[in-house]
Amino acid sequence: MNSYGRTSGSRKYFILPICLFAMSALPAGCLQPQEPPYPDPGVPGLIHFGNHYEEYKDGRSDFVYLQLWNFSWLDQKGTIGDASDDTYGVAAYGFTNPENLMFSKGLTTTFGMIIRPDGNNFALNSEPYDASVPGNFYASPTFAPAQGFEMSNPAGQIDVISEDELHISGDTTDGTNRFVWDLVYTRMPGMGKGWLCWEQWPFPHILGLLPSWLTYYEHMPSAIVNGTFTVYEGKERITYDVIDAKGYADGFYGKQVYSDNLWDWIDYKQVNQPGLDDISIHFANLHGPVYDCKGGWNPCSPGNVRVYHKGIEYNFTKHEDTISIEYLDHEHDAEYGLDYVIRERVRVSDREGNELDVTWAGKQVQRVYYDVPFPFEDNLTYEILADFEGTFTPAGQAPVTIFGSGFTDWGTLLP
């Protein structure tokens, strides 16, 4: 295994401001858990990238509104099937509580991360900018292509060229180290459109009081990425020329405390590998919070798998299909006293006879710390570059071999 991210760099991704208020102000009915609907995967458009705050502002829990735009790229120029010599980068933009409600300061930030073959992996977050100050934050409600940026803060921008092409830039620093990126994401032909995993999925009420929900979408599950990602480490400067790298772009928005998002997540794309079919696999699972549904299936935490192969999209969900998850190995993080998954097997089947059996093994890991104010628990997410192997078997057809590099992550609460 390579370095586990215990390097210089920021521990914080997005500092989420939460301000509590008198619980007696809420009616007793707010204490009842809300039964979640079944997930209904669909195809998202640019509108899901849009700033939805005004649309959902209702005076109830607006101060916990949050939104994230997330982009990643995997440069697989090393050995096929060995992720230890690959390079992986992340660029993300977020904001929360844009009106500084409930005596709590809202913010907008830009984040960068890199995982490298030498194991010198780290993450950098921009300073938190007050999103209510003019010029500090803008995001289009539609994200339709227009003059100027569709999202911007002092440390980063997103420019929508078209439904299938996005231009992102950013500049983050901790005062010693710095990331600067300029990247274009183009939808990968023949690998499917976007995926709306969960739409207004209700979570357990915040502190048992405030309604909580999240919409999560993958606008470009499979993208081609070109541009540059520059790392300034002290006086050293390294520019990574990102050329036709495998990319991914997603996002979410809702009213929620981010540390509740305990993800178990997979992004795998197999493209232009001699002797192997092109295929994309995405697994969006919440292993927490776990809570009961009034009407039947447990746990209520959503879980979806999508496979795209030869022009056909296969969707699997926890409540309709068999999704079996085995955590085969764990790694111990002595600094935080936590164990996290480092090898996992996911097996999926549906009534039509389509089957997926894939195992990943982590090769490079970077920790990302989410600092959430009291009384909520902080979140630590392990971002994992991994080797994948397995098969996807369409009903009545021969198995499709899976062999290559991909990305996963595992979120956990601090004890």
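Please go through segment 274-297 and pick out each residue that is modelled with pLDDT of 85 or more and of a type in the set (Val, Ile, Thr).
Scanning segment 274-297 gives ILE279, ILE281.
Go through segment 46-79 and give me each residue that's part of a strand (DSSP E or B) and in contact with a helix residue (DSSP H, G or I) (Cβ under 9 Å, 6 or more places away or on another chain).
TYR65, LEU66, GLN67, LEU68, TRP69, LEU74
Would segment 315-338 turn up any residue that is touching a helix residue (DSSP H, G or I) at 6+ places or on another chain (Cβ under 7 Å), more than 27 Å from ASP75 (Cα to Cα) and not in a loop (DSSP other than H, G, I, E, B)?
There is no residue in segment 315-338 that is touching a helix residue (DSSP H, G or I) at 6+ places or on another chain (Cβ under 7 Å), more than 27 Å from ASP75 (Cα to Cα) and not in a loop (DSSP other than H, G, I, E, B).
Output the qualifying pairs, or none if there are none: Cβ atoms under 6 angstrom, residues six or more apart or on different chains, first residue in segment 98-111 and touching a residue at least 24 places away in the same chain (Cβ under 8 Å), second residue of a type in the set (A, V, I, L, M, F, W, C) and part of a strand (DSSP E or B).
Listed pairs, sorted by first residue: THR108/PHE95; PHE111/ALA92.
Looking only at segment 125-161, which residues are in contact with a helix residue (DSSP H, G or I) (Cβ under 9 Å, 6 or more places away or on another chain) and surrounded by fewer than 19 Cβ atoms within 10 Å (Cβ to Cβ)?
Of everything in segment 125-161, those that are in contact with a helix residue (DSSP H, G or I) (Cβ under 9 Å, 6 or more places away or on another chain) and surrounded by fewer than 19 Cβ atoms within 10 Å (Cβ to Cβ) turn out to be PRO141, THR142, ALA144, PRO145.
I'd like to check something: does segment 346-360 contain any residue that is surrounded by fewer than 23 Cβ atoms within 10 Å (Cβ to Cβ), without any contact (Cβ under 8 Å) to a residue 12 or more places away in the chain, farther than 30 Å from LYS105 by Cα and not hydrophobic (A, V, I, L, M, F, W, C)?
No, because not a single residue in segment 346-360 is surrounded by fewer than 23 Cβ atoms within 10 Å (Cβ to Cβ), without any contact (Cβ under 8 Å) to a residue 12 or more places away in the chain, farther than 30 Å from LYS105 by Cα and not hydrophobic (A, V, I, L, M, F, W, C).
Test each condition in (1) farther than 22 Å from TYR382 by Cβ; (2) modelled with pLDDT under 95; (3) in a strand (DSSP E or B) for LEU214 and report the one that comes out false.
It is condition (1) that LEU214 fails.
What is the residue count in segment 56-69 for residues that are within 24 Å of ILE161 (Cα to Cα) and not aromatic (Phe, Trp, Tyr)?
Result for segment 56-69: 2.
Can you name the strands (runs of 3 or more DSSP E) wholly within segment 136-201 that have at least 2 residues being at pLDDT 95 or above and in contact with a Cys (Cβ under 8 Å, 6 or more places away or on another chain)?
none
Take the residues in segment 223-250 that are buried (at least 22 other Cβ atoms within 10 Å of the Cβ) and touching a His at 6+ places or on another chain (Cβ under 9 Å); name whichever of them is nearest to PRO189 (Cα to Cα).
TYR248
Among (1) in contact (Cβ under 8 Å) with a residue 24 or more places away in the chain; (2) more than 20 Å from the chain's Cα centre (by Cα), where does THR79 come up short?
Going through the list (1) in contact (Cβ under 8 Å) with a residue 24 or more places away in the chain; (2) more than 20 Å from the chain's Cα centre (by Cα), THR79 breaks only (1).
Of VAL365, VAL307, VAL348, which residue is more than 18 Å from the chain's Cα centre (by Cα) and either closer than 20 Å to GLY406 by Cα or part of a strand (DSSP E or B) (or both)?
VAL348
Quick check, is GLN256 more than 26 Å from ASN125 (Cα to Cα) and of a type in the set (S, T, N, Q)?
no
Scanning for something more than 20 Å from ASP182 (Cβ to Cβ) and buried (at least 22 other Cβ atoms within 10 Å of the Cβ), does segment 204-215 turn up at least one residue?
Yes; the residues of segment 204-215 include at least one that is more than 20 Å from ASP182 (Cβ to Cβ) and buried (at least 22 other Cβ atoms within 10 Å of the Cβ).
What's the number of the condition ALA223 fails, among (1) at positive phi; (2) assigned to a strand (DSSP E or B); (3) in contact with a Lys or Arg (Cβ under 9 Å, 6 or more places away or on another chain)?
Only one criterion is unmet by ALA223, namely (1).
The values are calculated or read from the model by the stated rules, or taken from the named source; none is laboratory data. Keep in mind that this is a model prediction, so the values were computed, not measured. So basically every Cβ, Gly included, is an ideal-geometry build from the backbone, and we count neighbours across all protein chains shown.
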